[in-house]
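*Asks:* For reference, the structure I am asking about is given below.
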Amino acid sequence: MNICQSCKSEFRITPNEQEVLIKLSLPAPTFCPVCSLIRRVSYRNERILYKRKCDAPGHEEDVISIFSPDKPDRIYCQTAWWGDSWDGLMYARDYDFTRPFFSQIRDLWKDVPDMALSNFNSVNSEYCSITEGNKNCYLVIGGDFNENCLYSAFVFNSKDVMDCYWLKKCERCYEVCESISCTNISYSMFCEGCFDSAFLFNCKNCHHCFGCANLKNASYQIWNKQYTKDEYDKKIKEIQIENFDNKVFQKMQYDEFIKNFPRKYARILNSFGCTGDNINHAKNVTNSFDVFDGAEDCANLWLTYSQAKNCANSDHIGKNSELSYESTTVYPGSRVVSCRMILDCHDIAYSHNCHNCSYLFGCIGLRGKQYCIFNKQYTKEEYENMLTKIINHMNEMPYIDKRGIVYKYGEFFPTELSPFAYNETVASELAPLSKEEILGHGYTYQSPQNKTYSATLDSGLIPKTISEVSDNITQEVITCDHAGACAHTCSTAFRITPEELEFYRRTNTPIPHLCWNCRHYERITYRNPLTLSRKVCDCNGNSSKNDVYKNTTSHPHGVVACNTEFETSFPKDSDTIVYCESCYQQEVA
């Protein structure tokens, strides 16, 4: 049993992780998987965008950037960064054995040009981050190959969606989470192949349904009650969710209604020997979350796709990555240790934003290079000799942060050295901290930007239906209902763009009362934590143990309580009804 340096909790090194450590000749970790993940994503700003000057010679233009203007890092626009006017070897330096490794590499990181924004091959989609191939999109984060999408995160191959999270192949959707191949649905989550519906939860191949949960191949149902088509149409007209107040009321009803239905202990499909949640086509993958399109012999992963193998303690990796450890954003890589933003590289450690490289250690912004340390070129023999000396030095003179945590070889970069403030990063979504806590940990806090505008319209005065809204709404600065009193990086006010207004009119959707940041944070509160606990199935024979849900059919264990135990991401103190695989399948055929 090991003790985490950060949270002081006990954690075990799983067999899969141990195998990776052996293959990469790495020491045992000193951070638990959760603290390890939080530290890695403290280097990932996805959603907070700024305008600042491009630092490339001859460039004076403002660029959209994930780096605020006060950051000391050298920032190039994408054109300049990918251009031939500079080379990462220009910033080469000797290794200093009188200073800790992590202090030195942060200095190098500040000097070598970094990309203002990762937004590749986009058309009229300048305000998108960590994306590729989008057209006519605005504030889409981490989503690729979309068209006419707004204010959404991790949407793929979708069209005309807004305020959505984790969609694939969807069209005309609003406020929908974690769904696939859906059309014209709203306020829904965990759906597949559904259309012309609203307020669905965990439904498949359903249409013309409202306020329904755990249904398959259903139509014309409201709150899981069957109606004829004419009856359904009449009821929907009476509900009038196109009215803002009615929508808010129905949302409250929906949140309470879905608590009455059992949830499967984990969404693991077509997989073997796996633990975690939202995993498909995987084998022997443990304590992992959001693993898509195959993985094998991995541990402690988050957001992984496309046949990762023998990887551990990594996130945002894909495209056949292998032996990635304590790394983030690897597409693809092999034998990658404690790196960030690595594309098509192998045998690389402690490096950032390197492409088509091999045999690098402590390098920033290199392309097509090998046998480099701190961006300095070495021969193969010199590189191998230096590498041994540096690893020994990292262990003999470790970096010690403001909390007294020790960072030796094998550990990812310390959070306090991140180029981003803690509250700008994904870490603040997974583990929110107050300003006082952030500063107390020795991390950087980014104060809200000074607003150069004044609100012109209180959200409470917005017309209740979109039909009552005039074109002048696009000229207003609207107050956010949270007014900055939340922990959601609230912008306190927001505007309605012409494209947004057109979407609301086309879908007959009322104007929201929250800014886009607050809307995003409200969506992600529906996700389970990225941790597992042991739990016993909540099936009590004829009903759930809390007697809220009545089973619709007999189960193999009969009228006695099911004693199946499993690992689940549902917290122990959650009031959610959680069934094992067998009991769930009996109820949701």
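*Asks:* Take the residues in region 50-65 that are part of a loop (DSSP other than H, G, I, E, B) and open to solvent by 20 Å² or more (accessible area, probe 1.4 Å), then tell me which one is nearest to Thr444 (Cα to Cα).
*Replies:* Among residues in region 50-65 that are part of a loop (DSSP other than H, G, I, E, B) and open to solvent by 20 Å² or more (accessible area, probe 1.4 Å), the one nearest to Thr444 (Cα to Cα) is Asp55.
*Asks:* Which of the residues that make up region 468-487 are in contact (Cβ under 8 Å) with a residue 12 or more places away in the chain and closer than 20 Å to Val248 by Cα?
*Replies:* Across region 468-487, the qualifying residues are Val469, Ile478, Thr479, Cys480, Asp481, His482, Cys486.
*Asks:* Now for a separate question. Out of Ile405, Ile373, Ile391, I need the residue that is under 17 Å from Arg340 (Cα atoms), of a type in the set (Val, Ile, Thr) and in contact (Cβ under 8 Å) with a residue 12 or more places away in the chain. Which one?
*Replies:* Unique residue meeting the criteria: Ile373.
*Asks:* To continue, here is another question. Counting only residues that are in a strand (DSSP E or B) and either open to solvent by less than 10 Å² (accessible area, probe 1.4 Å) or of a type in the set (Gly, Ala, Ser) (or both), how many does region 356-385 have?
*Replies:* Total meeting the criteria: 6.
*Asks:* Here's a follow-up. Taking region 235-246, which residues are among the charged types (D, E, K, R), closer than 16 Å to His208 by Cβ and surrounded by 13 or more Cβ atoms within 10 Å (Cβ to Cβ)?
*Replies:* Residue satisfying the conditions is Lys235 alone.
*Asks:* For Asp107, only one of the following conditions fails: (1) assigned to a loop (DSSP other than H, G, I, E, B); (2) over 30 Å from Cys518 (Cβ atoms). What is its number?
*Replies:* Tallying (1) assigned to a loop (DSSP other than H, G, I, E, B); (2) over 30 Å from Cys518 (Cβ atoms), Asp107 fails exactly one: (1).
*Asks:* Regarding Tyr232, is this residue under 21 Å from Leu514 (Cβ atoms), part of a helix (DSSP H, G or I) and open to solvent by less than 20 Å² (accessible area, probe 1.4 Å)?
*Replies:* no
*Asks:* Looking at region 140-168, I want the residues that are surrounded by fewer than 22 Cβ atoms within 10 Å (Cβ to Cβ) and modelled with pLDDT under 95 and have a partner that is basic (Lys, Arg) and assigned to a strand (DSSP E or B) with Cβ atoms under 7 Å, at least 6 apart or on another chain. Which pairs are those?
*Replies:* none
*Asks:* While we're on this one: Is it the case, given these coordinates, that Val34 is farther than 26 Å from Phe374 by Cβ, out of contact with any helix residue (DSSP H, G or I) (no Cβ under 6 Å at 6 or more places or on another chain) and in a helix (DSSP H, G or I)?
*Replies:* yes
*Asks:* Report the residue count in region 537-556 for those that are open to solvent by less than 50 Å² (accessible area, probe 1.4 Å) and part of a loop (DSSP other than H, G, I, E, B).
*Replies:* Matching residues across region 537-556 total 6.
*Asks:* Find the residue count for region 29-49, including only residues that are without any contact (Cβ under 8 Å) to a residue 60 or more places away in the chain and either in contact with a strand residue (DSSP E or B) (Cβ under 7 Å, 6 or more places away or on another chain) or open to solvent by 70 Å² or more (accessible area, probe 1.4 Å) (or both).
*Replies:* Here the count works out to 1.
*Asks:* Pick from region 433-455 the residues that are at pLDDT 95 or above and of a type outside the set (A, V, I, L, M, F, W, C): which of them is most open to solvent (accessible area, probe 1.4 Å)?
*Replies:* Among those that are at pLDDT 95 or above and of a type outside the set (A, V, I, L, M, F, W, C), it is Glu436.
*Asks:* Which residues, counting only those in region 565-589, are part of a loop (DSSP other than H, G, I, E, B), under 13 Å from Pro262 (Cβ atoms) and not hydrophobic (A, V, I, L, M, F, W, C)?
*Replies:* Those that are part of a loop (DSSP other than H, G, I, E, B), under 13 Å from Pro262 (Cβ atoms) and not hydrophobic (A, V, I, L, M, F, W, C): Ser574, Asp575, Thr576.
*Asks:* Pull up region 194-229, narrow it to residues that are closer than 19 Å to Thr509 by Cβ and either in contact with a His (Cβ under 8 Å, 6 or more places away or on another chain) or touching a residue at least 60 places away in the same chain (Cβ under 8 Å) (or both), then point me to the one that is surrounded by the most Cβ atoms within 10 Å (Cβ to Cβ).
*Replies:* Cys194
*Asks:* May I ask you to list the residues in region 502-530 that are open to solvent by 60 Å² or more (accessible area, probe 1.4 Å) and more than 28 Å from Asp575 (Cα to Cα)?
*Replies:* Listed by number, the residues that qualify are Glu502, Arg505, Arg506, Asn508.
*Asks:* Between Asp84, Asp70, which is farther than 26 Å from Leu430 by Cα and open to solvent by 30 Å² or more (accessible area, probe 1.4 Å)?
*Replies:* Details: Asp70 fails: farther than 26 Å from Leu430 by Cα.
The match here is Asp84.
*Asks:* Report yes if some residue within region 247-254 is of a type in the set (Lys, Arg), under 25 Å from Phe292 (Cβ atoms) and either in contact with a helix residue (DSSP H, G or I) (Cβ under 9 Å, 6 or more places away or on another chain) or surrounded by 15 or more Cβ atoms within 10 Å (Cβ to Cβ) (or both); otherwise report no.
*Replies:* No, there is no match, as no residue in region 247-254 is of a type in the set (Lys, Arg), under 25 Å from Phe292 (Cβ atoms) and either in contact with a helix residue (DSSP H, G or I) (Cβ under 9 Å, 6 or more places away or on another chain) or surrounded by 15 or more Cβ atoms within 10 Å (Cβ to Cβ) (or both).
*Asks:* Of all residues in region 117-134, how many are in contact (Cβ under 8 Å) with a residue 40 or more places away in the chain, buried (at least 17 other Cβ atoms within 10 Å of the Cβ) and touching an Asp or Glu at 6+ places or on another chain (Cβ under 8 Å)?
*Replies:* Within region 117-134, residues that are in contact (Cβ under 8 Å) with a residue 40 or more places away in the chain, buried (at least 17 other Cβ atoms within 10 Å of the Cβ) and touching an Asp or Glu at 6+ places or on another chain (Cβ under 8 Å) number 3.
*Asks:* Another question about this same structure. Is it true that Gly404 is surrounded by fewer than 18 Cβ atoms within 10 Å (Cβ to Cβ) and small (Gly, Ala, Ser)?
*Replies:* Numbers: surrounded by fewer than 18 Cβ atoms within 10 Å (Cβ to Cβ): yes; small (Gly, Ala, Ser): yes.
The answer is yes for Gly404.
*Asks:* Note down all Cβ pairs under 6 Å where the first residue falls in region 74-86 and is in a strand (DSSP E or B), the second is open to solvent by 20 Å² or more (accessible area, probe 1.4 Å), and they're at least six residues apart or on different chains.
*Replies:* Listed by first residue and then by second, the contacts come to Ile75/Asp55.
*Asks:* Is it the case that some residue within region 295-303 is open to solvent by less than 30 Å² (accessible area, probe 1.4 Å), free of Cβ contacts under 8 Å to residues at least 40 places away in the same chain, over 20 Å from Phe190 (Cβ atoms) and not in a helix (DSSP H, G or I)?
*Replies:* yes
*Asks:* Checking the structure you have, find out if any residue of region 386-401 is of a type in the set (Asp, Glu) and surrounded by 20 or more Cβ atoms within 10 Å (Cβ to Cβ).
*Replies:* no
*Asks:* In addition: Only residues that are open to solvent by 50 Å² or more (accessible area, probe 1.4 Å) and either at pLDDT below 95 or outside any strand (DSSP E or B) (or both): list them for region 270-287, please.
*Replies:* Passing the criteria: Asn270, His281.
*Asks:* Residues that are in a helix (DSSP H, G or I) and closer than 27 Å to Ser467 by Cβ: does region 220-229 have at least one?
*Replies:* yes
The values are calculated or read from the model by the stated rules, or taken from the named source; none is laboratory data. Values in this document were obtained by computation on a predicted structure and should not be read as measured data. Virtual Cβ from ideal backbone geometry, glycine too; neighbours counted across all protein chains shown. Side chains included, ligands, DNA and RNA excluded: accessible areas come from the protein's heavy atoms. Shrake-Rupley method; radii C 1.70, N 1.55, O 1.52, S 1.80 Å.
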